[in-house]
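For reference, the structure is listed below as structure tokens.
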Amino acid sequence: MARRVFFSFEYEHDVSRANVVRNSWVTQGKEAAGFVDAAAFEKVKKGGDAAIKKWIRDQLKGTSVTVVLVGLHTCSSKYVKYEIEQSIEKENGLLGIDISKIKDFNGKTTERCDKIPKGYPFYLWNNDDGRKNLGNWIEKAAKKAGN
């Protein structure tokens, strides 16, 4: 079954790492939501908090699973928290993936802030072979949520 997935992540620090995960999903012929190029994101940001929250709600429409990509700053992002809250409200399947050990544009890795979302499956992209297993993780989360 084709799934439309919302990828939640802290944009400023983790966009390059998030793109690694997202691109592995898209190259499998799947549809990803929650991604916007830098110029479009800056335009949304200029609209303020209400515009960003509306964009998040719009991006979540038609999705069945939310994947939270966790890096060093993810836990302090008010928008990631909002995306998780909205995903729970719409009964999306949820899971977290540690992306801190994916190298960024400068070839550097970081630590991760925690395992979020709390109470949901959590995976390590590198150690748990995310490129190979992402589809299975998403499918498990969807079925657990009844989607």
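The values are calculated or read from the model by the stated rules, or taken from the named source; none is laboratory data. Every value quoted in this text rests on a predicted model; they were computed, and no experiment measured them. Cβ atoms come from the backbone with ideal geometry, glycine included; neighbour counts cover every protein chain shown. When the accessible area is computed, the model is the full protein with side chains, heavy atoms only, and any ligands, DNA or RNA have been set aside. Shrake-Rupley method; radii C 1.70, N 1.55, O 1.52, S 1.80 Å.
Being modelled with pLDDT under 90 and open to solvent by less than 60 Å² (accessible area, probe 1.4 Å) is the filter here; which residues of the range 6-15 pass it?
Scanning the range 6-15 gives 11, 15.
Looking for something surrounded by 13 or more Cβ atoms within 10 Å (Cβ to Cβ), among the hydroxyl-bearing types (Ser, Thr, Tyr) and in contact with a helix residue (DSSP H, G or I) (Cβ under 7 Å, 6 or more places away or on another chain) - is there at least one such residue anywhere in the range 116-126?
First pass over the range 116-126, keeping only residues surrounded by 13 or more Cβ atoms within 10 Å (Cβ to Cβ): 116-117, 120-126.
Okay, now just the ones that are also among the hydroxyl-bearing types (Ser, Thr, Tyr), so 120, 123.
With in contact with a helix residue (DSSP H, G or I) (Cβ under 7 Å, 6 or more places away or on another chain) added as a condition, the list becomes 123.
For the range 116-126, residues surrounded by 13 or more Cβ atoms within 10 Å (Cβ to Cβ), among the hydroxyl-bearing types (Ser, Thr, Tyr) and in contact with a helix residue (DSSP H, G or I) (Cβ under 7 Å, 6 or more places away or on another chain): present.
Within the range 73-113, which residues are loosely packed, with under 14 Cβ neighbours inside 10 Å and part of a loop (DSSP other than H, G, I, E, B)? Can you show your working first?
If we filter the range 73-113 for residues that are loosely packed, with under 14 Cβ neighbours inside 10 Å, which is where we start, we get 76, 78, 85, 89, 91, 103, 105-108, 111.
91, 103, 105, 106, 107, 108, 111, listed by residue number.
So that you can scan it fast, the table gives a plain yes or no per residue for (1) among the small types (Gly, Ala, Ser); (2) farther than 16 Å from residue 14 by Cβ:
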position	(1), (2)
47	yes, yes
113	no, no
121	no, yes
145	yes, yes
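Within the range 70-77, does at least one residue satisfy the condition of being among the β-branched types (Val, Ile, Thr) and at pLDDT 95 or above? Even if it seems obvious, please write down each step before you answer.
Filtering the range 70-77 for residues among the β-branched types (Val, Ile, Thr) gives 70, 74.
Remaining after also requiring at pLDDT 95 or above: 70, 74.
Within the range 70-77 (the criterion being among the β-branched types (Val, Ile, Thr) and at pLDDT 95 or above), the answer is yes, since at least one residue qualifies.
Considering only the range 45-53, I want to know if a residue exists there that is aliphatic (A, V, I, L, M), without any contact (Cβ under 8 Å) to a residue 40 or more places away in the chain and assigned to a loop (DSSP other than H, G, I, E, B). Break it down stepwise before answering.
Going through the range 45-53, the residues aliphatic (A, V, I, L, M) turn out to be 50-52.
Among the residues that remain, those that are also without any contact (Cβ under 8 Å) to a residue 40 or more places away in the chain are: 50-52.
In the following step, the residues that additionally are assigned to a loop (DSSP other than H, G, I, E, B) were identified as none.
The answer is no; no qualifying residue exists.
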